[in-house]
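The values are calculated or read from the model by the stated rules, or taken from the named source; none is laboratory data. Bear in mind that the values here come from a model prediction, so they are computed numbers and not experimental data. Cβ placement follows ideal geometry from the backbone for every residue including glycine, while neighbour counts extend to all protein chains displayed.
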Amino acid sequence: MSATTQVVLKDKELEKIDYFVNMGYFEDEKALIESALKKFLYELGLADIRSRIPQAELSQEEVEAELEEIRRVKRETFAEEKAAAV
Amino acid sequence: MTEPVRVFLDSTVHLFAYRSAKTNSSLVLGGMDGVLFQPVVSYKTLDEVQRRTRELYGKDIAGLVRWNLLMLPKLIVVTEEEIAPLLSRYDEHVRDKADLPHICAYFAANCRYLVTSDRRLTKMEIKKFVNFKSPQEFVEEVLKTKPYDTPGGI
């Protein structure tokens, strides 16, 4: 996400939070609104990332190959942390 | 307000969701609203996702991905300190020891579901204690939404 987009989002987020706080909403509502805003930001970020990387519907073989790669990464991360802890 | 259901999301869910919007992994993440469903990851999950995205797309994208993942509503990140006391309790039930911290994070955060596309993990003895769901199963059975027809239900 570009720095400009982040600034715009931050302003909008603050505006919305100010509005609802000033309206006298209670804690539950504030929590709901904060969750909704975070979800909005998450999905915007997800869409932004997807626009920057190749999108593809994977075949069965590609899925299996990627799962093997993820298992390798998992094992490497685990081994490195274990070694660092010794 | 009732407490949201806690759902542990392993690295496969995040990684496949970035690859394509037309995945059940993407629908699972879309269901994590922080109100009905609360997402849970471990620090190791963050590291794995970042490491794999760095390999696939470079460090700039990996940085964005880490930032993005942390924006999940009401995300719980389970720490090593919370996991450590549980390791010996579940060790004998997990064949691949690299999976053990994730299983312990599921218990440490008191999760109701563990969503993963790794069928090898779901076949281990630990399945007696863990409520595993593939992304497709979670979409169908828990979110009650029509799933995508994807290889392995990713």
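Summary of computed values
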read-out	value
Residue that is surrounded by the most Cβ atoms within 10 Å (Cβ to Cβ) [pool: residues in the stretch A:48-86 that are at the interface with another protein chain (Cβ under 8 Å from one of its Cβ atoms) and within 30 Å of A:Ile17 (Cβ to Cβ)]	A:Ile49
Which listed residue, of B:Arg6, B:Arg54, is under 30 Å from A:Gln60 (Cα atoms), modelled with pLDDT of 95 or more, in a strand (DSSP E or B) and of a type in the set (Lys, Arg)	B:Arg6
Breaking point among (1) at pLDDT below 95; (2) assigned to a helix (DSSP H, G or I); (3) surrounded by 15 or more Cβ atoms within 10 Å (Cβ to Cβ); (4) facing another protein chain (nearest Cβ under 9 Å), for A:Met1	(2)
Of residues in the stretch B:67-83 being facing chain A (nearest Cβ under 8 Å) and touching a Ser or Thr at 6+ places or on another chain (Cβ under 7 Å), the one surrounded by the fewest Cβ atoms within 10 Å (Cβ to Cβ)	B:Lys74
Residue in the stretch B:43-63 that is more than 8 Å from chain A (Cβ to nearest Cβ), basic (Lys, Arg), surrounded by fewer than 24 Cβ atoms within 10 Å (Cβ to Cβ) and out of contact with any Cys (no Cβ under 7 Å at 6 or more places or on another chain) present	yes
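Here is a yes/no grid of residues against (1) over 24 Å from B:Tyr18 (Cα atoms); (2) in contact (Cβ under 8 Å) with a residue 40 or more places away in the chain; (3) surrounded by fewer than 22 Cβ atoms within 10 Å (Cβ to Cβ):
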residue	(1), (2), (3)
B:Asp96	yes, no, yes
B:Tyr106	no, yes, no
B:Cys111	no, yes, no
B:Leu114	no, yes, no
B:Met124	yes, no, yes
B:Glu137	no, no, yes
